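One structure is given here, and the rest of the page talks about it.
Taken together, the values in this text are just the output of simple stated rules run on the coordinates, not laboratory data. None of the values given here were measured: they were computed from a predicted structure. Glycine gets a Cβ as well: all are built from the backbone with ideal geometry, and neighbour counts include every protein chain shown.
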Protein chains: 4
Amino acid sequence: MDFNRSRLPVAVLGATGTVGQRLISLLANHPWFELTALAASDQSVGKRYADAVRWHLPTPIPARYRDWIVQPSRPPLDARLVFSALPTDVARQTEDDFANAGYIVSTNSSPHRMDADVPLLIPEVNAHHLPLIESQRRRRGGRGYIIANPNCSTIHLALALKPLHDAFGITRLVVTTMQAISGAGYPGVASMDMVDNVVPFIGGEEGKMESEPHKILGALADGHIAPAPFRLSAHCNRVMTLDGHLEAVSIEFARKPLPVELRVAFADFRGEPQALGLPSAPARPIVVRDEPDRPQPRLDRDEQNGMASVVGRIRPCPVLDYKFVVLGHNTLRGAAGGTILNAELLVAKEMV
Amino acid sequence: MDFNRSRLPVAVLGATGTVGQRLISLLANHPWFELTALAASDQSVGKRYADAVRWHLPTPIPARYRDWIVQPSRPPLDARLVFSALPTDVARQTEDDFANAGYIVSTNSSPHRMDADVPLLIPEVNAHHLPLIESQRRRRGGRGYIIANPNCSTIHLALALKPLHDAFGITRLVVTTMQAISGAGYPGVASMDMVDNVVPFIGGEEGKMESEPHKILGALADGHIAPAPFRLSAHCNRVMTLDGHLEAVSIEFARKPLPVELRVAFADFRGEPQALGLPSAPARPIVVRDEPDRPQPRLDRDEQNGMASVVGRIRPCPVLDYKFVVLGHNTLRGAAGGTILNAELLVAKEMV
Amino acid sequence: MDFNRSRLPVAVLGATGTVGQRLISLLANHPWFELTALAASDQSVGKRYADAVRWHLPTPIPARYRDWIVQPSRPPLDARLVFSALPTDVARQTEDDFANAGYIVSTNSSPHRMDADVPLLIPEVNAHHLPLIESQRRRRGGRGYIIANPNCSTIHLALALKPLHDAFGITRLVVTTMQAISGAGYPGVASMDMVDNVVPFIGGEEGKMESEPHKILGALADGHIAPAPFRLSAHCNRVMTLDGHLEAVSIEFARKPLPVELRVAFADFRGEPQALGLPSAPARPIVVRDEPDRPQPRLDRDEQNGMASVVGRIRPCPVLDYKFVVLGHNTLRGAAGGTILNAELLVAKEMV
Amino acid sequence: MDFNRSRLPVAVLGATGTVGQRLISLLANHPWFELTALAASDQSVGKRYADAVRWHLPTPIPARYRDWIVQPSRPPLDARLVFSALPTDVARQTEDDFANAGYIVSTNSSPHRMDADVPLLIPEVNAHHLPLIESQRRRRGGRGYIIANPNCSTIHLALALKPLHDAFGITRLVVTTMQAISGAGYPGVASMDMVDNVVPFIGGEEGKMESEPHKILGALADGHIAPAPFRLSAHCNRVMTLDGHLEAVSIEFARKPLPVELRVAFADFRGEPQALGLPSAPARPIVVRDEPDRPQPRLDRDEQNGMASVVGRIRPCPVLDYKFVVLGHNTLRGAAGGTILNAELLVAKEMV
């Protein structure tokens, strides 16, 4: 492997899936990363990428990658870092194989998210969890490691919770999601399940939303993460939107703020990506809308190139302290964009 | 007015609207009521009903009413009872006019719902509130009075809450709705607001949902209703379903039941309409589905001819005690069917 | 096999699919047929029907069939007639096996539709093709035979064409379809392909629509069908409707009628099922709507229990002679209901 | 009026509507035009633009215009050219007033489209119709005049027809449209008409589509346009897509080409905007897709910034000569983008 290049060589695992397609689009003109390999499952290996993929984005396949030959999702690949958009059933082993072989793995898949020494990373929220990497590297006995992106609904919830938790101390919250169909990949949700309908169930989703935020917002002490102690209940629903997960939140604090404090905490929030000027960082990670009927998925999901969480409808809650709505793009910040931002943080922190 | 008929003569106010259409369909073959007049706004008065209405139901306009001439929404009408599906802005005055002129008004409109001596009636839930009618009659100085149907989301919530409140004592709940477009009437919600979208706001809806259940589940004492003392928070959203409001509930009790007790309380619930055998009463007012992904609007809204609430996904809540989902048809039990069932109760109780 | 029963014993092949579900619902209370066996693919064989099926209809699984054990789709089955809703890839051989074993097969699948001695049957249109059965029986050397239902779009087109062809002689027509997602079965069309979208392609559909009507409307002479000689072009599109195929037709005649003649030909049309009083026959096989914006899928697909074709927008065509729109339910008359009506015709004609 | 500016001062009439919003977005950074005034109906006059408009685009209101005060849609306005997105009922008189007062009017509204001396302009198709302006100026007795944009469905059809008509001579065609809801503006189509539905009727649309192409593709001779002599039949349908009109075409030629000639004629087509390098001109006005299932509205409407027509599914037609599908963005090239491109052509031709 030859890394004498001005940009870091990266590969995409699961390159033909919906998240893989987003990754490739976002990496096509990335200032820090150079896409060097596309890998997918055995049925795609050896084919031209344009033949292997069923492309779903309104922008075309970046021309330079159309004729690339799809490679197996196994080491070695000509890359220093691999972005993983692998399906759950193969992700655990494959990602371990890459990490153990010395690669950095920035994954969007779920199997390693709750591993004790894998940072479940949202750069604005818990960049201070990166020291976990050193223990992970020791465990693996090499330079390779895994960092994980949270669940697509969790990311936008956790982004919105961060400034509130820091300022007021969250004690309890109830969240109800209305999630887009792209979250299930392709073919994913059958149209017969979605026409004139809502499905009040997404397999495994409530469990992820009820566990991941505790880790993400937890404190690092003695090399371990102490889960944030608030209580969290999630109701997850699938609705007929293409992109953009909408979440209705009721929340209680240790110290109840004034409404204006809540708004200011959201709007003024900035994190490491903004301080470091990471290429994919939104100028404002949380955008507040003051109209009574916003945010809305189709109108607001592309805010800040789909990298922001959009908050609105901040108002008192008769049961807990406040209610608000948060929306975010599930395949940009919630998946492909999030894993790229994670990798940018590693570069900026000189951990590659 | 001549009431020497075997069935009670009834009229429909607001006969051209979406709820009015449902009323007419349901009354076309009603065993106890005889539809005798169709009334609507001045722009429809004097027209044939078939010319005045833009009919939205998949079943046709009942043939016998097509040529009826639309009458003004003012007394007198050849009827003992009037069903009101009037728009909010004219409902208050018009309904008072009819009640003061001696008519019984069974309304689906909101203005009188919270009046102290107007029963906000769901026959399975609070038939014991009917004595309010006597004080109302005294106030009006005649035989006329108003009874009101709750908001379309409130009805299904309150139906589901009734057996729980009786058995375990509700202390707090958070509900998030995903409401169908027919709830806004026609033309109502613009398609540009609904394609690939959710609108996390419905004007006035959260206020109704947060106030009405306290009255409905309140106790009648000394001729007044003492509001039920639980705390309730509502998040209301519009989604692209035609009919059927879906509601995700987190709930806390004074005495926390076992999960099986919760299920039994729902499934075994029966009320006055079932005891009295009212014509529009569902055999089971609450139907429990045990599949992990039910109820769903398109599949379950027509349960028991759209007169039942369908409950599913009963499971522990990490913040309050339990979570569940409730679904119900918003223009049948939630509007037209509810006002007819209310009127049937009056007949059975000999209050007409 | 014991056929000493008052109703004809029938089985359903492909009982777990979407058309199979419709068949079972329609057969549950059929006056002439007694459902005696449910058969499906090997992965369902041996399971309770309620466990094997993913039920999609808003009405529940008929209670008596829930616990039936799914049988293999192979002879023998305890039935005289089998309804086939098998997938295309297995239908050809399996249906031949049943027919050669002496069963009557009423199929909705496509492989045998264009076989020379298989009636491609719409009872109102070409009951006079039934003599083909005798040659087929001779070929098979027994009492068994196959009759086929046309494609779901073809059926409604051919029904609408029949009275026109008889009266005015069709010479050319262009039809553009907007077809419902249920036509592709379940899971069928991915929701990501349908949200905010139309897919202007349905694999194989245009070929079927451009060939089947020539056979259906052809003349039987000397034991063979001479294809109807008109020219037909089809454009097939998939749109986000659940049920109901909508078709826009431009048509030219040998003798150009007056508009009123066209309307009368549609509205007065009756066929054998009406004359014979078949249980599933619609009173009017073609219903004409005179409103400028009808028929519409959601409002008109259930006309005559989903067994009618609904025609509207009859108007002159600047290129051919006339334009009109025809709509019909694709899984009722267009699939399950059609195969049952076909079987009813066989019973009425004493061909079972 | 002071035109000593580097860019041409332009105003938008009907600035609060959906096409008005698109115009403002497109003009915000236009190299040749400087937006100087926003005009709308009396109910908006005097308000801040951000208060008067209900903004529907996913990109925000250009910041500089938020606080502009909405002006009346009457002369004088501080502009040389006005873009008109006025509603039909007021467009005829208002546009005449501006033209008679010396302004150039580039309109998207329909009333003047078929006026004999008003170019019905698609720059790639009939830039040679611009001499009509001189007769119009003479009629009006000044420098002002009107040019009109065709109907949103007509534009994409006419663009696709142009290279075919030039090369092979169109004799007849039948087109069936599946049109997006944004074509009806806001609130426009009710969601209750669109959920699980198609409406096979759009008021006035078929008449426009059957008349406008004859003018657009007509020849200019002796100062008049001789309508193109082909015969054209249109079926217009509304489907649940946000943007992008899809049209299925069957077409016959004076000289029947080979399929490859058809494809080449589409793909190689260029017009004046490409030759002149107009700022809004797509590099390729017609883009050909070779996949069997393209173009699709959501995936292809933004091709070339929404300024191209996308053609696919070129195949033989059993009735006429060929079939194909054409898709285009109805509010970009089909409305706002089209009127801007028209104005750019005027600038390039020094007719302002």
If packing is taken as the average number of other Cβ atoms within 10 Å across a peptide's residues, how do C:42-54, A:265-277, A:330-342 rank, most packed first? A:330-342, A:265-277, C:42-54
Calculate the translational D of the protein assembly as shown in whole µm² s⁻¹ from Stokes-Einstein, where the hydrodynamic radius comes from the Kirkwood formula applied to all Cα pairs, the temperature is 10 °C and the viscosity 1.306 mPa s. 46
Rounding to the nearest 20 debye, state how big the charge dipole of the protein assembly as shown is about its Cα centre with +1 on each Lys and Arg Cβ and -1 on each Asp and Glu Cβ. 0
Averaged over the residues of A:163-173, the number of partner chain Cβ atoms within 10 Å of each residue's own Cβ comes to 1
Can you tell me the FRET efficiency between D:Ala275 and D:Arg255 if r is taken as the Cβ-Cβ distance and R0 is 25 Å, rounded to the nearest 0.05? 0.45
Rounded to one decimal in nm, the spacing of the 7 Å Cα→Cβ label points at C:Glu350 and A:Ala50 is 6.7
Equivalent ellipsoid semi-axes, the stretch D:1-97, via Cα gyration tensor eigenvalues times 5, rooted, Å: 18, 18, 12
Debye-sum result for the stretch B:228-352 in log10 I(q)/I(0), which assumes one identical scatterer on each alpha carbon, at q = 0.09, 0.16 Å⁻¹: -0.29, -0.88
Cα-based Rg and Dmax for the stretch C:137-240, where Dmax is the largest Cα-Cα distance (Å): 16.8, 53
Placing a label point 7 Å from Cα toward Cβ, how far apart in nm is C:Arg138 from its equivalents in the other copies, listed shortest first to one decimal? 8.2, 9.1, 9.4
Based only on Cα atoms, what Rg/Rh ratio does the stretch C:223-300 have, Rh being taken as Kirkwood's radius? 0.99
Over all residues in D:176-183, what is the mean tally of Cβ atoms on other chains that come within 10 Å of each residue's Cβ? 4
Between the label point of B:Pro259 and that of the same position in each other copy, find the distances and list them shortest first in nm, with every label point placed 7 Å from Cα along the Cα-to-C-beta direction. 3.9, 5.8, 6.4
The stretch A:67-211: radius of gyration and largest Cα-Cα distance (Dmax), Å: 17.6, 53
Label-point separation, C:Ala226 to A:Met114 (7 Å along Cα→Cβ), nm: 7.5
With the charge dipole of chain C built from beta-carbon charges (+1 for Lys and Arg, -1 for Asp and Glu) about the Cα centre, the Cα from C:Pro72, C:Ser135, C:Thr88 projecting farthest to the positive end belongs to C:Ser135
Euclidean distance between Cα centres, the stretch C:281-308 to the stretch D:100-148, Å: 46
Let me know the mean shielding of D:297-303 by other chains, meaning the per-residue number of their Cβ atoms within 10 Å of its Cβ. 5
With the Cα gyration tensor of the stretch C:152-329 giving a ≥ b ≥ c as the square roots of its eigenvalues, does the rule (a/c under 1.5 for rounded; else a/b larger than b/c for prolate; else oblate) give rounded, prolate or oblate? rounded
Determine the shape class of the stretch D:124-193: with a ≥ b ≥ c the square roots of the Cα gyration tensor eigenvalues, call it rounded for a/c under 1.5, and otherwise prolate if a/b is greater than b/c, oblate otherwise. oblate
Work out the length of the dipole vector of chain C about its Cα centre, built from +1 on the beta-carbon of each Lys and Arg and -1 on the beta-carbon of each Asp and Glu, and round it to the nearest 20 debye. 260
Closest approach to the C/A rotation axis among chain C Cβ atoms, residue and whole-Å value: C:Ser191, 2
For chain C, what is the calculated [θ] at 222 nm in deg cm²/dmol (nearest 500), taking -39500 (n - 2.57) for each run of four or more DSSP H residues and dividing by its residue count? -8500 deg cm²/dmol
Sorting check: for B:81-94, D:101-114, which peptide has the highest mean count of neighbouring beta carbons within 10 Å, and how do the rest follow? D:101-114, B:81-94
Once you have a ≥ b ≥ c as the square roots of the Cα gyration tensor eigenvalues for the stretch C:204-258, tell me rounded if a/c is under 1.5, and otherwise prolate or oblate according to whether a/b is larger than b/c. oblate
Over the stretch C:122-194, what is the relative contact order in whole percent, taking alpha-carbon pairs under 8 Å and six or more residues apart? 27
Could you pull the Cα extents of the stretch D:302-352 along its three principal axes, largest to smallest, in whole Å? 48, 22, 14
Taking Rh as the Kirkwood radius computed over C-alpha pairs, what is the Stokes-Einstein D of chain A at 4 °C in a medium of viscosity 1.567 mPa s, expressed in µm² per second? 64
With only alpha-carbon atoms counted, please give the Rg and Dmax of the stretch C:168-224, in Å. 16.2, 52
Considering the dipole of the stretch D:30-123 built from charges on the beta carbon (Lys and Arg +1, Asp and Glu -1) around the Cα centre, which of D:Ile61, D:Met114, D:Asn100 is farthest to its positive end? D:Ile61
Distances in nm between the label point of A:Pro76 (7 Å along Cα→Cβ) and its equivalents in the other copies, shortest first, are 6.8, 7.7, 10.0
Go through D:236-244, A:193-201, B:164-172 and give me the packing order, highest mean Cβ count within 10 Å leading. D:236-244, A:193-201, B:164-172
Relative contact order (%) - criterion: Cα under 8 Å, at least six apart; region: the stretch A:152-329: 28
Note down the relative contact order for chain B as a percent, whole number, built from C-alpha pairs under 8 angstrom at least six residues apart. 17
Return the subset of C:Lys208/C:Lys323; B:Lys256/B:Lys323; D:Lys162/D:Lys256; D:Lys256/D:Lys349; A:Lys256/B:Lys208 for which the Cα-Cα distance in this structure is over 24 Å, preserving the input order. D:Lys256/D:Lys349; A:Lys256/B:Lys208
